[in-house]
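Throughout, read-outs are computed from the coordinates displayed, never taken from laboratory work. The structure presented is a predicted model; accordingly, all values stated were derived computationally and were not measured. In this analysis, Cβ positions are derived from the backbone assuming ideal geometry, glycine residues included, and neighbour counts consider all displayed protein chains.
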Amino acid sequence: MKLRNLAHARAGDKGDTSNIAVFAYEAGDFAFLAEHLTAERVKAYFADIVGGEVTRYELPALGALNFVMTKALGGGVTRSLALDPHGKSLSSSLLDIDLPDPQGA
Amino acid sequence: MNRIRIGAGAGFSGDRIEPAVELAERGGLDYLVFECLAERTIALAQLERLRDPEAGFDPLLTERFRAVLPACRAQGVTIITNMGAANPLGAARAVAHVARELGLAGLRIAAVRGDDVLAPVRAGDLSFTDREGRVSDLGGRIISANAYLGVEGMVEALAAGADVVITGRVGDPALFLAPMVHRFGWTRDDWARLGQGTVIGHLLECAGQVAGGYFADPGLKDVADLARLGFPYAEVDEAGDAVIGKVDGSGGQISERTCKEQLLYEVHDPAAYFQPDVVADFTGVTLRQAGQDRVAVSGGRGRPRPDTLKATVGYRDCFIGEGQISYAGPGALARAKLALEIVEARLKLIGIGASEIRFDIIGVDTVRRGAARGDGPEPAEARIRVAGRCETLRDAVRIGNEVESLWLNGPAGGGGASKSAREVIAAASVLVDRALATPEIAYEVA
């Protein structure tokens, strides 16, 4: 099961830190996302670009998880060598992550 | 209950012009805000100002004001913007000039300065908060240092009857919070309302991004008529509760989903969003669809403002050289990989002085890097990109030249070579004493 089936996402940038906010389409899927879309899983998915830590903030009222990734933007938006220095496309890339199939699916 | 309507006319320097005109004409606005100042923009503007003392403000300022001033005057809409960049006073004079050309004599324009903290930041030796090192490490490469001011100067200008308020660096949400504080008389320690007002400002500061821009994903999140995207406004009451909306008939969409995505955009800890006027707490925010393209926003809170102000230091960092070339058809990926190997070997052979070099295949691995280089399907075309960080422009130019020379010396079928070399003006952050950045206001009358 791809994350994209359950959630939408938007990435933002500040210096060398990227944040990706992930939102469950259906409120009922938030608990499943909170269980399986862990900071460790996201860090492993972006292992080749995130040099720092991944911290996850939970906002159950919004059905949202916010992942804050340090040393993730090639030294910072204003000096990165990357084609997408802001890391804006990281949000869509994250939606390709594999999650276990939900029970009963 | 007393209510005001605040529109967002631009979310970045190059944003579309006419959605703001639509808002000014048909949005029933009291205020129209243009947020046009990215992190490093002020450093680039400072370089402009060093070349020409009258320059250093937003390059589209004249065009935007020419477009919106007639409707704003006719509808009684006050304009607030950070388009002053490195020269708010010069920007105010330019707006006065536009107003006179349009026959709008008497327009009262306030320039809010005081964000420039270059002298004390140079004299001190602060540590950076978002990169290694200290200000003194930059030596003579430092260009600018600007503190993020809060609402204070803008509120004073509004109270003095300004029709247009032009700032340099201020907190982006503060551009929207200022008219709320002014009109509702919120006290400067009413942390709950300042926090909720910051939530509203944050939702609006990227303009179209809360109204269906930057949201569409066909089949999953469809948005109508993005070519005519309507920019948003907030209708705010004196308690701070707000409804986000847009002009009827404009394109786009305002839904709980579009608002959620914008609420957390560029946010780290949602319980502690640091601004000059308040530390806002987004964790209690509720968003509720209140009609078509209308979302009610409440529940933002706040805690006392931080003791220090964030300041952005702009400096000459390095030179980046880049080259690209494309391959297509069967074997495109293998030829792209061969091309990268050739360039890598060439850069070693000719001895490029680069501290960092990056080898990409566009369409394959530019985003996730190595993790994306698995056994995916063979792409129909592949474009390589080599980018390197150099101390000199000469070395940066040679990187693009090595990619370009693949035309005659590389794999079969390379096409569409391009190259560039540019100086990088970078930005880093420090925290400064509030006493170093006191707003000063100057008025210009058209």
Would you mind putting B:324-330, B:65-71, B:285-291 in packing order, based on average other-beta-carbon counts within 10 Å, highest first? B:65-71, B:324-330, B:285-291
Straight-line reach check, B:K246, cutoff 27 Å on alpha carbons, 8 or more apart in-chain or any other chain, hits among lysines -> A:K88, B:K221, B:K260
With label points set 7 Å from each Cα along the Cα-to-Cβ direction at B:R288 and B:R303, the distance between them in nm comes to 2.8
Span-like helix ranges in chain B, DSSP H, alpha carbon extent 24 angstrom or more, Kyte mean at least -1.0: B:332-350
R0 = 30 Å: FRET efficiency of B:A159 with A:A61, Cβ-based, nearest 0.05? 0.25
Within 10 Å of each Cβ in B:257-264, how many Cβ atoms from other chains are there, averaged over the peptide? 6
I'd like the distance between the alpha-carbon centres of the range B:234-290 and the range B:208-229, rounded to an integer number of Å. 17
Convex hull of chain B built on C-alpha atoms - directionally averaged projected area, nm²: 23.7
Averaged over its residues, how many other protein chain Cβ atoms are within 10 Å of peptide A:5-15's Cβ atoms? 5
Mean residue ellipticity (222 nm) of the protein assembly as shown, computed from DSSP H runs ≥ 4 via -39,500 (n - 2.57), nearest 500: -8000 deg cm²/dmol
When Lys and Arg each count +1 and Asp and Glu each count -1, what net charge do the other residues less than 9 Å away from B:R316, Cβ to Cβ, add up to? -1
Over what distance in Å are the Cα centres of the range B:48-104 and the range B:320-371 separated? 44
Which one of A:G74, A:H8, A:A27 is farthest out on the positive end of the charge dipole of the range A:3-94, using unit charges on Cβ (Lys, Arg +1; Asp, Glu -1) and the Cα centre as origin? A:G74
Counting only GluC sites (Glu not before Pro) that sit in a DSSP loop (anything but H, G, I, E, B) with at most 13 other Cβ atoms within 10 Å, what is the longest stretch of chain B containing none of them? B:133-390
Need one number: nm distance between label points at B:N401 and B:A271, each 7 Å from Cα along Cα→Cβ, rounded to one decimal. 5.7
Which of B:L32, B:L102, B:L175 fluctuates most in a GNM of chain B (C-alpha springs under 10 Å)? That residue is B:L102
Summed over the other residues with a beta carbon less than 15 angstrom from that of B:R100, with K and R at +1 and D and E at -1, the charge totals +1
In whole µm²/s, the translational diffusion coefficient that Stokes-Einstein assigns to the range B:247-355, given a Kirkwood hydrodynamic radius over C-alpha pairs, 10 °C and 1.306 mPa s, equals 80
So for the range B:149-207, averaging the separation of alpha carbon pairs under 8 Å that are six or more residues apart and normalising by length, what relative contact order in percent results? 37
For the pair B:R228 and B:L102, the simple spin-label estimate (label points 7 Å beyond Cα toward Cβ) gives in nm 2.3
Radius 14 Å from Cβ of B:I6, net charge of other residues (Lys, Arg +1; Asp, Glu -1): -4
Per the 1/(1 + (r/R0)^6) rule, R0 = 41 Å and r from the Cβ atoms of A:D101 and B:E132, FRET efficiency to 0.05 is 0.40
